[in-house]
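Asks: Have a look at this one before I ask anything.
Taken together, the values in this text are just the output of simple stated rules run on the coordinates, not laboratory data. This structure is a prediction, so every number in the text was calculated from the model and none was measured. So basically every Cβ, Gly included, is an ideal-geometry build from the backbone, and we count neighbours across all protein chains shown.
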Amino acid sequence: MFRNLKPDIKCADIYTLDTESLRRGGVRGLFFDIDNTMEPYSTPKPGARLSEWLERLTAEGFVIGILSNARQERIAKFVGGFPPELRDRILYVYKAAKPLKKGFRKLLADAGLRAEEGAMIGDQLFTDIWGGNRAGLTTVLVTPIDPSIEPPFVRFKRIFEKPFIRNERKQS
Ligand SMILES: [Mg+2]
């Protein structure tokens with residue numbers, strides 16, 4: 001289990017992710033968590049910077065997916081905030097039950113990709129990274145955008161993430 005908590009890549013935020021090197025490694029689908037990964041927790045709509053970046057990635061041929069444990073209303077509303085051409089291309093799975101594999105598999109199937117062609121990008125070790133590793137995807141851990149406005153349950157989980165993140169810093 002502990003080995004599965006190690007992300008393949010770590011970066012400060014989604015915008016500093018080297019998507020070109022992922023592509024060279026065979027990654028075709030970029031799957032994202034929303035809260036504190038794409039935008040701060042419970043931000044209702046995507047910002048212009050996010051939309052522009054995702055538009056560029058789809059133009060480069062990446063399939064963009066969203067994998068969130070949040071409810072359908074939340075995800076549908078957020079995705080509905082993207083410009084129409086982009087919105088229609090974004091695949092999403094709500095109530096994904098990360099770290100279970102089923103949501104990852106659904107998204108891969110919808111994208112027509114194999115697990116090794118997908119990358120999961122998220123801010124939580126126990127959902128995004130653990131689940132992505134179990135499902136066989138490349139995993140990318142980003143620093144949470146604003147941990148100060150997270151709900152109590154997420155804050156609680158962060159207590160247990162800390163030793164693992166500290167351990168990795170020591171190793172690298
Ligand atoms: Mg998150």
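Asks: Starting at the first residue of the range 162-167, write each ³J(HN,Hα) from the Karplus equation 6.51 cos²θ - 1.76 cosθ + 1.60 with θ = phi - 60°, in whole Hz, x for Gly and Pro.
Replies: 3, x, 6, 5, 5, 3
Asks: How do the peptides 46-56, 102-112 rank, highest first, by the average count of neighbouring beta carbon atoms within 10 Å per residue?
Replies: 102-112, 46-56
Asks: Let me ask you something else. Collect residues whose amide H, placed 1.01 Å from N in the peptide plane, falls under 5 Å from the amide H of Tyr92; neighbours closer than 5 in sequence don't count.
Replies: Ile66
Asks: Further, regarding this structure: What is the set of long-range amide H partners of Ala70 at a cut-off below 5 Å, with H atoms built 1.01 Å from backbone N?
Replies: Lys95, Ala96
Asks: Here is a further query. From the phi angles alone, apply the Karplus equation (6.51, -1.76, 1.60; θ = phi - 60°) to the range 75-84 and give each ³J(HN,Hα) in whole Hz, x where the residue is Gly or Pro.
Replies: 5, 4, 5, 5, 4, x, x, 7, x, x
Asks: When ranked by the protection proxy of mean other Cβ atoms within 10 Å per residue, highest first, what sequence do the peptides 73-86, 154-167, 25-38 form?
Replies: Details: 73-86: 14.8, 154-167: 12.7, 25-38: 22.1.
The most tightly packed comes first, giving 25-38, 73-86, 154-167.
Asks: With charges only on Cβ, +1 for K and R and -1 for D and E, what is the dipole size of the range 3-171 about its Cα centre, in debye, rounded to 20?
Replies: Its charge dipole is roughly 760 debye.
Asks: Same structure again: From the alpha carbon gyration tensor of the chain, can you work out the equivalent ellipsoid semi-axes (sqrt of 5 times each eigenvalue) and give them in Å, largest to smallest?
Replies: 23, 19, 15
Asks: Cα-based Rg (one decimal) and Dmax (whole number) for the range 114-172, in Å?
Replies: Expressed in Å, the Cα Rg and Dmax of the range 114-172 come to 12.4, 36.
Asks: Another question, then. Report ³J(HN,Hα) in whole Hz for each residue of the range 7-13, in order, from the Karplus equation J = 6.51 cos²θ - 1.76 cosθ + 1.60 where θ = phi - 60°; Gly and Pro get x.
Replies: Using θ = phi - 60°, the values come out as x, 6, 9, 10, 8, 5, 7 Hz.
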